[in-house]
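The values are calculated or read from the model by the stated rules, or taken from the named source; none is laboratory data. Everything numeric in this text was worked out from a predicted model, so none of it was measured. Every residue, glycine among them, receives a Cβ derived from its backbone with ideal geometry; neighbour counts consider all protein chains shown. Remember, those area values only see protein heavy atoms, side chains included, never the ligands or the DNA or RNA. Shrake-Rupley method; radii C 1.70, N 1.55, O 1.52, S 1.80 Å.
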Amino acid sequence: MIKAAFNERNYSRAVSFVQKNAIGGGFFVLILLLIGYLTYSTIVWMLDDQRLPLSRIILQGDLHHVSALDVQKAFSQLEHVGTFMTQDVRELQVVAESISWVSHAAIRKQWPDTVKVYLTEHKALAIWNGNVLLDTYGQLFNADIGQVDDSLVKLYGPDGTNNEVLDTWKIVTPMFKELGLSITSLVLNDRRAWQLILDNGVRLELGKESLMERVKRFVNLYKKLGEDAQNVSYIDLRYDTGASIGWFPQQELTQENLNDKVL
């Protein structure tokens, strides 16, 4: 009798324990389902193009050639501009850097609908082969040449030699400045020979070898010419020593050869 009563109490306790845990377990499952639903709803809300659209562009940087309209047009070429949460800024960066005058772009998003775009422009230093611009780092970029200063030096050379020609121009430019002259064009032809035209119209034929030595020879010669320098058409320095001078037509002497004694 006592044993039966004990078993009945144990059974009642077990039933009560199961019922309590079932209620607790059900409540826990309900909480999980609620969290899942809220998470799903939030993700769907964030991915909805009608929610948190990127609708504002703030353009920053020391800009002279690129406008906010240029950036907006570039972004409009994307097949799909995502929301604040989904749009990859690296994709926007690639698009921004495809704009002709843009050298580098840094992009970040600002809650809730803004894209901040910081641009660095190319600084045009020279015109390369008549139709491409060359920046201060020797990088080629396609842009409207009509937007640059006419006084930019014109550099020419075979494909892939833009840095070599630019570096040579930078090296020899100070040597002409001491004469009050500047280079308007510098050419490296297919035979690897150098030709140079100065702002006073004088053409220098410098050949393939001993470039610096020949430029120094020109500097010494030009100083000796004095006022006659204004009548010079070209100077051929493609000699081991000396130079050949071509004069403008009004000169009685059309060509003068200078030997070591003159130099």
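If I filter the stretch 240-250 for residues that are part of a strand (DSSP E or B) and out of contact with any Leu (no Cβ under 9 Å at 6 or more places or on another chain), do I get at least one hit? For the stretch 240-250, residues part of a strand (DSSP E or B) and out of contact with any Leu (no Cβ under 9 Å at 6 or more places or on another chain): present.
Just so you know, in the stretch 83-129 the residues that are touching a Lys or Arg at 6+ places or on another chain (Cβ under 9 Å) and of a type in the set (Ser, Thr, Tyr) include one that is nearest to residue 159 (Cα to Cα), and it is 103. Being surrounded by fewer than 16 Cβ atoms within 10 Å (Cβ to Cβ) and touching a Gly at 6+ places or on another chain (Cβ under 9 Å) holds for only one residue in 142, 163, and it is 163. Look at residue 203 and say whether it is at pLDDT 95 or above, open to solvent by 60 Å² or more (accessible area, probe 1.4 Å) and at positive phi. For residue 203, the condition - at pLDDT 95 or above, open to solvent by 60 Å² or more (accessible area, probe 1.4 Å) and at positive phi - is not met. Every condition in (1) touching an Asp or Glu at 6+ places or on another chain (Cβ under 6 Å); (2) open to solvent by less than 60 Å² (accessible area, probe 1.4 Å) is met by residue 132 except one, and the failing one is (1). Just one of the listed residues (228, 167, 149) is of a type in the set (Asp, Glu), assigned to a loop (DSSP other than H, G, I, E, B) and either modelled with pLDDT of 95 or more or out of contact with any helix residue (DSSP H, G or I) (no Cβ under 8 Å at 6 or more places or on another chain) (or both), and it is 149.
Of everything in the stretch 47-66 that is modelled with pLDDT under 65 and open to solvent by 50 Å² or more (accessible area, probe 1.4 Å), the residue that is nearest to residue 124 (Cα to Cα) is 49. For residue 157, the stated conditions hold: it is among the small types (Gly, Ala, Ser) and either buried (at least 18 other Cβ atoms within 10 Å of the Cβ) or touching a residue at least 60 places away in the same chain (Cβ under 8 Å) (or both).
Suppose the filter is under 30 Å from the mean Cα position of the chain (by Cα), open to solvent by 60 Å² or more (accessible area, probe 1.4 Å), modelled with pLDDT of 95 or more and of a type in the set (A, V, I, L, M, F, W, C); does residue 183 pass it? No: the conditions fail for residue 183.
Restricting the search to strands (runs of 3 or more DSSP E) fully inside the stretch 76-129 and requiring at least 2 residues that are in contact (Cβ under 8 Å) with a residue 60 or more places away in the chain and open to solvent by less than 40 Å² (accessible area, probe 1.4 Å) gives 114-121. May I ask you to list the residues in the stretch 67-87 that are at pLDDT below 85 and either hydrophobic (A, V, I, L, M, F, W, C) or under 17 Å from residue 106 (Cα atoms) (or both)? Result: 78, 81, 84, 85, 87.
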